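Visitor: First the structure, then my questions, so here it is.
Read-outs throughout are calculated quantities, based only on the coordinates presented, and are distinct from any laboratory measurement. Because the structure is a prediction, the values reported are computed rather than measured. Here Cβ is always computed from backbone atoms with ideal geometry, including for glycine, and neighbour counts include all displayed protein chains.
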Amino acid sequence: MVKSDRPKDPNAPKRAKSAYFFFLDDARDKVKKKNPTAGFGELGKLMGDMWSKLSEKEKLTYQKKADKDKERYNAEKEAYVPPTPPVPKDWCEAQDPNTGKTYYYNRKTSETTWSRPEAAPLKLKKKKKDPDAPKRAKSAYFFFMDAVRADTKKKNPTATIGELGKLMGAAWSKIADKDKAKYQKQAEEDKGRYERAKAEYERTKA
C-alpha cells in the first residue's frame with residue numbers, strides 16, 4: 001500500500017454522502033441498541049439488509065438528502081483553492097535574479113529544477129501477525145453464524161459468500177432476544193477466555 005505523506009487539508013470540502021450513508025446515520029443507533037454485542041462488521045451487515053428491504057418510496061427520502069449534499073459538495077469544490085504543499089526535505093525555493101522565476105534547489109544533491117518537487121510517497125509495511133497471540137473473542141453473532149452456516153449453505157447452494165452473509169444477517173435480526181441469549185452467553189465466555197489468554201500473552205512478552 002502506498003500512501004502520500006502530504007497532510008490532508010482540513011479546509012477541503014467534505015465529500016458528498018450517498019443515500020445509503022444518510023440511511024446509516026438514521027439507523028445506526030437503533031441497530032446498536034437492539035444488538036449491543038454486535039461488532040462493527042456485523043452492524044454493517046444488519047443495516048445493509050435493512051436497506052435492501054426498504055421500498056423505493058422509503059429510499060427516496062434519503063436520495064433527496066444525497067442529491068442536496070452533492071450540490072453542496074460541487075459548489076464548495078468549485079470555490080475551493082487547495083493550499084500549496086511545502087517542498088520536500090533538502091529542497092528550497094529560490095528566485096532566478098535574471099528572470100524572477102521561481103526555481104528549486106536541492107541542498108544535498110545540488111540538483112535544480114523549475115518544476116516544484118514532490119515528496120516521495122511513503123511505503124507502509126504491513127505489521128506481521130504474531131502466531132502466538134491469542135485469538136480474539138467472537139461476538140454473539142459470530143457464534144450464531146457458526147451454528148447456521150452449514151444449513152444456510154445447504155439451502156442456498158449457489159449463493160456467494162456475500163449473499164450467505166446477508167441471509168444469515170437477516171436470520172439473526174429475526175430471532176427473539178431469548179434465542180439470542182444462548183449466543184450472547186457463548187460470547188461472554190469467549191471474551192473471558194480471550195482476556196485471560198491476552199494477560200498471559202502480555203506477561204510472557206514483557
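Visitor: Hey, can you rank 183-192, 110-119 by average C-beta count inside 10 Å, highest first?
Guide: Numbers: 183-192: 16.0, 110-119: 11.3.
The peptides rank, most packed first, as 183-192, 110-119.
Visitor: If you don't mind, there's one more thing I want to ask. Cβ under 12 Å from A66's Cβ, A66 left aside: what net charge do those residues give with Lys, Arg +1 and Asp, Glu -1?
Guide: Its environment carries a net charge of +4.
Visitor: Right, another one. What's the extension gain from T84 to A12 if we count 0.36 nm per residue and subtract their Cα-Cα distance?
Guide: On the way: separation 72, 0.36 × 72 = 25.92 nm, distance 1.27 nm.
Gain on extension, T84 to A12, equals 24.6 nm.
Visitor: Suppose we keep just the alpha-carbon trace of region 12-79; what are its Rg and Dmax in angstrom?
Guide: 14.2, 44
Visitor: What's the percent breakdown of Cα-Cα distances in region 1-118 across 5 Å bins, shortest bin first?
Guide: Going from the shortest bin to the longest, the percentages are 2, 9, 12, 11, 10, 11, 10, 8, 6, 6, 6, 6, 3, 1, 0.
Visitor: Follow-up. So if I take the centroid of the Cα atoms in region 178-195 and the same for region 37-72, what is the distance between those two points in Å?
Guide: Taking the Cα centre of region 37-72 as reference, the centre of region 178-195 is 30 Å away.
Visitor: Any idea what the relative contact order of region 140-205 is, in percent, if you count C-alpha pairs under 8 Å spaced at least 6 apart?
Guide: Over region 140-205, the number comes to 45 percent.
Visitor: Test of understanding: what is the full-extension gain from A75 to R116, defined as 0.36 nm times their sequence separation minus their Cα-Cα distance? Working shown, then result.
Guide: Working: separation 41, 0.36 × 41 = 14.76 nm, distance 2.87 nm.
This chain segment gains 11.9 nm when fully extended.
Visitor: Rg to Rh ratio, region 140-205, alpha-carbon atoms and Kirkwood radius?
Guide: 1.15
Visitor: Classify the chain as rounded, prolate or oblate, taking a ≥ b ≥ c as the square roots of the eigenvalues of its Cα gyration tensor: rounded when a/c is under 1.5, otherwise prolate if a/b is larger than b/c and oblate if not. Could the numbers behind the result be given before it?
Guide: On the way: a/c = 3.32, a/b = 1.66, b/c = 2.00.
Oblate is the answer for the chain, as a/c is 1.5 or above yet b/c matches or exceeds a/b.
Visitor: Return a whole-number percent for the relative contact order of the chain, with Cα pairs under 8 Å and 6 or more residues apart as the contact set.
Guide: Across the chain, relative contact order equals 25 percent.
Visitor: Helix-only estimate, please: 222 nm mean residue ellipticity of the chain, summing -39500 (n - 2.57) across DSSP H runs of length 4 or more and dividing by its residues, to the nearest 500. Mind dumping the intermediate values first?
Guide: Working: 6 runs with 113 residues, N = 206.
It comes out at -18500 deg cm²/dmol, rounded to the nearest 500.
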